[in-house]
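The values are calculated or read from the model by the stated rules, or taken from the named source; none is laboratory data. Just so it is clear, the model here is predicted, and its values are computed rather than measured. Here the Cβ positions follow ideal geometry from the backbone for every residue, glycine too, while neighbour counts run over all protein chains shown. Calculation scope for accessible area: heavy atoms of the full protein, side chains included, ligands and nucleic acids excluded. Shrake-Rupley method; radii C 1.70, N 1.55, O 1.52, S 1.80 Å.
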Amino acid sequence: MNEKKGIILTGDRPTGPLHLGHYVGSLRQRVALQHQYKQFIIVADIQALTDNADHPEKIHNNMIEVVLDYLAVGIDPKVTTIFIQSLVPELAELTIYYMNLVSVARLERNPTVKEEIAQRGFQKSLPTGFLCYPISQAADITAFGADTVPVGDDQLPMLEQAREIARTFNRMYNCNVLVEPQALLSDVSRLMGTDGKAKMSKSAGNAIALKDSEEVIRQKVKKMYTDPGHLRVEDSGKVEGNPVFAYLDAFDPDKENLQKMKEHYQRGGLGDGTIKQRLLEVLLAELGPIRERRKQFAKDPTYVMQILKEGTEAARVVAAQTLLEVRRTMKIDYFG
Ligand code: ATP
Ligand code: MG
């Protein structure tokens, strides 16, 4: 009997260690909800290969890094199933069937994919797999019957696409096999980069990783973008678009003092060095325990790989059941 509130499917591309954006955008919610929901976390290596096919070793090496980050923030493999996308081939098969339900024009309209294509400089060299990754994401979500997907706001177009696919499938085959998933956004659904760009991301080199050492965090904070118009301490400075304040908003527990700092900065007389010092204190306090837990888990890579192996086996059973129903609905289960 399933007494859980619902089913969560969410995950990450193994393209680098996880960062503060993942933490506030999705990881914290996963930790908070893992006992109430049946939770699946996918490490999306197939999706990562869609723009890294020439660097498979990067994906290989980051697999364990991402899982260490999960364990470090408090994801409990006893209640959360963590698995590897490419080792659940049922997902690839579902993707192939769903491809017939989506037009190329619809894929080309996806604003997040459009932005990512521009960022990566794909012009004529756009891999087909990259354009289609929202379809494979729909397969990942629907294979587990997930109704809830805790993600950052860059994923909203993917969720819309997944809902459309589920709806189209159910309508076309006059059934109720696929669940339409909902995105679950946190209160910080998009953390900006240390360079002031709209999104902190692994691929943009503007991230503070959860595993960064104190020294690396210190260097990154020191180099952070602030308000370029705030030249002298006495000048008034901008709080909006200033990543130091964005991170303080996300992490500083002393909101009263933060409000005072913001007013002081806007008025003039508060230097970038001082706000960065406060940010450094706050980040070191938040990330210290995570880094320590990560170090402990990193001592036993065999245990980490075992979690992935068992999680993948468990995930495969669930995905195979959905695939069976999909095949039956499409009348291609020839031998029953
Ligand atoms: P890449 O640059 O390789 O795409 P990424 O940093 O965008 O990496 P993903 O693995 O694509 O990370 O995203 C995993 C999850 O983390 C998604 O739910 C995404 O919305 C969320 N996420 C990523 N970056 C941020 C951010 N800056 N703020 C909030 N959520 C984020
Ligand atoms: Mg991404």
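A few remarks follow.
- Förster-model FRET efficiency, 35 Å R0, Glu164 and Arg120, C-beta, rounded to 0.05: 0.90
- Cα gyration tensor category, rounded, prolate or oblate, for region 1-130 with a/c compared to 1.5: prolate
- Trypsin sites (Lys or Arg not before Pro) within region 192-235: DSSP coil, no more than 11 neighbouring Cβ in 10 Å: Lys223, Arg232
- In terms of packing, defined here as the mean over residues of other Cβ atoms within 10 angstrom, the peptides 237-244, 278-285 line up highest first as 237-244, 278-285.
- Here the calculated FRET efficiency for Ala105 and Arg171, from their Cβ-Cβ distance with R0 = 30 Å, stands at 0.95, rounded to the nearest 0.05.
- Which of Ala207, Phe169, Ile7, positive extreme of dipole for the chain (C-beta unit charges): Phe169
- Taking N as its residue count, the alpha carbon Rg of region 214-295 over 2.2 N^0.38 Å: 1.12
- 4 °C / 1.567 mPa s Stokes-Einstein diffusion coefficient of region 87-191, Kirkwood radius on C-alpha pairs, µm²/s: 90
- Based on alpha-carbon atoms, the Kirkwood radius and the radius of gyration of region 133-199 give Rg/Rh equal to 1.10.
- Each listed q (0.13, 0.14, 0.16 Å⁻¹) maps to a log10 I(q)/I(0) for the chain, found by the Debye formula over equal Cα scatterers with no solvent: -1.01, -1.14, -1.39.
- Helix axis angle, 272-298 relative to the chain longest principal axis, alpha carbon, degrees: 40
- Rounded to the nearest 10 Å², the accessible area of Leu94 at probe 1.4 Å: 0
- Each of Leu27, Ala44, Met330 was placed along the dipole of the chain (beta-carbon charges, centred on the mean Cα), and the one lying farthest toward the positive end is Met330.
- Protein-only accessible surface order, largest first, of Met99, Met192, Met224 at 1.4 Å: Met99, Met192, Met224
- Most tightly packed first, judged by the mean number of other beta-carbon atoms within 10 Å of their residues, the peptides 287-300, 18-31, 113-126 read 18-31, 287-300, 113-126.
- Reciprocal mean inverse distance between Cα atoms of region 63-147 - Kirkwood radius, Å: 15.0
- FRET efficiency for Leu156 and Ala298, using Cβ-Cβ distance with R0 set to 25 Å, rounded to 0.05: 0.15
- When nucleic acids and ligands are ignored and a 1.4 Å probe is applied, Thr128 ends up with an accessible area of around 100 Å².
- Cα gyration tensor shape for region 237-279, rounded if a/c is under 1.5, else prolate or oblate: rounded
- The stretch between Ala92 and Lys309, if pulled fully straight at 0.36 nm per residue, gains 76.3 nm over its current Cα-Cα span.
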